[in-house]
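K.L.:
Before we start, here is the structure in question, set down as structure tokens.
The values are calculated or read from the model by the stated rules, or taken from the named source; none is laboratory data. Keep in mind it's a predicted model, so treat the numbers as computed, not measured. Here the Cβ positions follow ideal geometry from the backbone for every residue, glycine too, while neighbour counts run over all protein chains shown.
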Amino acid sequence: MKTKSKMTRTLIALGLAVSVPAAYAEIELAPGLKADGFIDMSTTYRDQDGETTSTASFDQWELGLSFDPVEKVAARVEINDVNASDEGVVVEQAFVTYDFENGLTAKAGKFLSGLGYEGAEPTLLYQYSVSATIIGYPGYASGAGLTYDFGVGSVYGAIVDGWYSGDNDPETLSYEVQLKLAPVEGLTLQAGYATEEFDATVVDEELADAYDKGIANFWAEYKVGALTLAGEYNLLYDIEGAGSDGDGYLFMVNYAFGKAALTLRTSYADLDNGYENTEYTISPSYKLASNLLLVTEYRHDDYGDAGDADTFAAELLYTF
């Protein structure tokens, strides 16, 4: 039990287990094997400078399998199918962890970057949409990482095939470092950096320079009772190719009223290539059952000289 509890703390320190309105509920399939997942569907209506679009879709399903520690070793596998993708069912994550039982844990396989405040799944969001500054977040990649848990926080580092490309190419590796602290109850602080080198390419018969795409990520979250406050700031490096440095921020407040909750958020991204976006989101949600969440949202995006957009969305999220 000691090894299992330490691994649980390590997953929490890495941001892989987060308490949100639609948290997972594990199903024990066999001794040492648990399953969890979700089914996600939504409808949206968007008006951008007078041009309207609407969707009604089954967005995604996901199944995760967790293998409890045996002789210091545990594992996690996630498969999913995203409706907007032509790839069909894919292995999103598959990694093993080894606990050295001295605060140090290693993992290897395919896994998600630990940077960024907002989660990669709808179950890890307080609202329907993701923020404007999420354009800088690293994604899934294959490699290895080390975490050292020192009680009030953790330090983490990883080397992978590419946080932004995931190209399975070991010749151009990608790196990440992260420090996470929980100095007082309810307060979490994180700072981290990730980068990936991209080779020079030929564009319109001219050779474009090589560049390093990356992010310096800083966020803080404070939870007290039913109230959650969060802020994030990102420095973005060549996010959309050479010459697209920039920055972005996020401010969010969420308050739960029993089965109901309300999220207010604003975020911003600005790049040297001329892209900018400021968004404002209001998102009420309601738990129809312990594992069924209805999320509604109104979002306004201001793209500067490129115009603006208003989006209405409703989402039904079933977790197990």
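K.L.:
Checking the structure you have, find out if any residue of region 227-238 is surrounded by fewer than 17 Cβ atoms within 10 Å (Cβ to Cβ), touching a Ser or Thr at 6+ places or on another chain (Cβ under 7 Å) and under 23 Å from L187 (Cβ atoms).
P.N.:
Within region 227-238, not a single residue is surrounded by fewer than 17 Cβ atoms within 10 Å (Cβ to Cβ), touching a Ser or Thr at 6+ places or on another chain (Cβ under 7 Å) and under 23 Å from L187 (Cβ atoms).
K.L.:
A further question on this structure: Going through region 62-95 one residue at a time, which ones are in contact (Cβ under 8 Å) with a residue 60 or more places away in the chain and surrounded by 20 or more Cβ atoms within 10 Å (Cβ to Cβ)?
P.N.:
Within region 62-95, P69, A74 meet the criteria.
K.L.:
If you take the residues in region 273-306 that are among the charged types (D, E, K, R) and at pLDDT 95 or above, which one is farthest from D245 (Cα to Cα)?
P.N.:
Ranking the qualifying residues of region 273-306, first place goes to K287.
K.L.:
Being closer than 20 Å to A191 by Cβ, part of a helix (DSSP H, G or I) and not hydrophobic (A, V, I, L, M, F, W, C): is that true of T133 here?
P.N.:
yes
K.L.:
Quick one: which of Y117, Y128, Y164, Y193 is more than 12 Å from the chain's Cα centre (by Cα), at pLDDT 95 or above and within 30 Å of I39 (Cα to Cα)?
P.N.:
Y128
K.L.:
Only one of these conditions is not met by E221: (1) touching a Phe, Trp or Tyr at 6+ places or on another chain (Cβ under 9 Å); (2) under 14 Å from I134 (Cβ atoms). Which number is it?
P.N.:
Here E221 meets the rest and fails (2).
K.L.:
Only one of Y45, Y98 is part of a strand (DSSP E or B), free of Cβ contacts under 8 Å to residues at least 40 places away in the same chain and hydroxyl-bearing (S, T, Y); which?
P.N.:
Answer to the check: Y98.
K.L.:
Specify the residue that is farthest from Y298 (Cα to Cα); the eligible residues are those in region 48-61 that are in contact (Cβ under 8 Å) with a residue 40 or more places away in the chain and in a strand (DSSP E or B).
P.N.:
Here the residue is Q60.
K.L.:
Looking at region 116-130, is at least one residue free of Cβ contacts under 8 Å to residues at least 60 places away in the same chain and at positive phi?
P.N.:
Taking every residue of region 116-130 in turn, none turns out to be free of Cβ contacts under 8 Å to residues at least 60 places away in the same chain and at positive phi.
K.L.:
Just give me the residues in region 177-203 being closer than 20 Å to A242 by Cα and surrounded by 14 or more Cβ atoms within 10 Å (Cβ to Cβ), in sequence order.
P.N.:
Y193, A194, T195, E196, E197, F198
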